[in-house]
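The values are calculated or read from the model by the stated rules, or taken from the named source; none is laboratory data. Source: prediction; values computed, not measured. Note: ideal-geometry Cβ built from the backbone for every residue, glycine included; neighbour counts use all protein chains shown.
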Amino acid sequence: MPGRGTGASAVAAGGCGCHPCEFYFVVSEDFADQVAQAFANLRTALAAVGLGPADVVRIGTYIVGHDQEKLEVLLKELHATWGTELPAQTLIGVAALALPGMLFEIDAVAVRPS
């Protein structure tokens, strides 16, 4: 993957399906809505430091009550964001996350091309 891993890095952690202006409230009880909002929030965080999804080299995803249906929702969002060139990823099924009703969380490591 040309250009990856050669410059300064940025880390985004704790990305969730929370309202961008009211961070302590999830946008919906629906898993797909939370995933979509978490990815939108990640794109906003990356843009704030002059980066984008193409600069991401690793993500971690955390799913409450992980199952095949939730995996399919996540895969749809992953491919919408990165196409077929996905960053390295770890998916962890968890019992709970930080906020009530929170079903999904993402963290990312991005590298600024030099």
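Condition check ((1) among the hydroxyl-bearing types (Ser, Thr, Tyr); (2) out of contact with any His (no Cβ under 8 Å at 6 or more places or on another chain); (3) on the phi > 0 side of the Ramachandran plot; (4) at pLDDT below 95) across all residues:
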position: Ala38; (1), (2), (3), (4): no, yes, no, yes
position: Thr44; (1), (2), (3), (4): yes, yes, no, yes
position: Val56; (1), (2), (3), (4): no, yes, no, no
position: Val73; (1), (2), (3), (4): no, yes, no, no
position: Leu86; (1), (2), (3), (4): no, no, no, no
position: Ala96; (1), (2), (3), (4): no, yes, no, no
position: Gly101; (1), (2), (3), (4): no, yes, yes, yes
Report, by residue number, each residue of the range 59-113 that is over 18 Å from Val11 (Cα atoms), among the acidic types (Asp, Glu) and surrounded by 13 or more Cβ atoms within 10 Å (Cβ to Cβ).
Glu77
When every residue in the range 49-95 that is assigned to a strand (DSSP E or B) and hydroxyl-bearing (Ser, Thr, Tyr) is compared, the one nearest to the chain's Cα centre (by Cα) is Thr61
When (1) small (Gly, Ala, Ser); (2) assigned to a strand (DSSP E or B); (3) modelled with pLDDT under 95 are applied to Ser114, the one that fails is (2)
Output the qualifying pairs, or none if there are none: Cβ atoms under 8 angstrom, residues six or more apart or on different chains, first residue in the range 38-62 and under 24 Å from Val26 (Cβ atoms), second residue in a strand (DSSP E or B) and among the aromatic types (Phe, Trp, Tyr).
Ala38/Phe104; Thr61/Phe104; Tyr62/Phe104
Return the pair list, or none, for Cβ contacts closer than 6 Å from residues in the range 77-104 that are under 11 Å from Ile63 (Cβ atoms) to residues that are aromatic (Phe, Trp, Tyr) and part of a helix (DSSP H, G or I), at least 6 apart or on different chains.
Leu103/Phe31
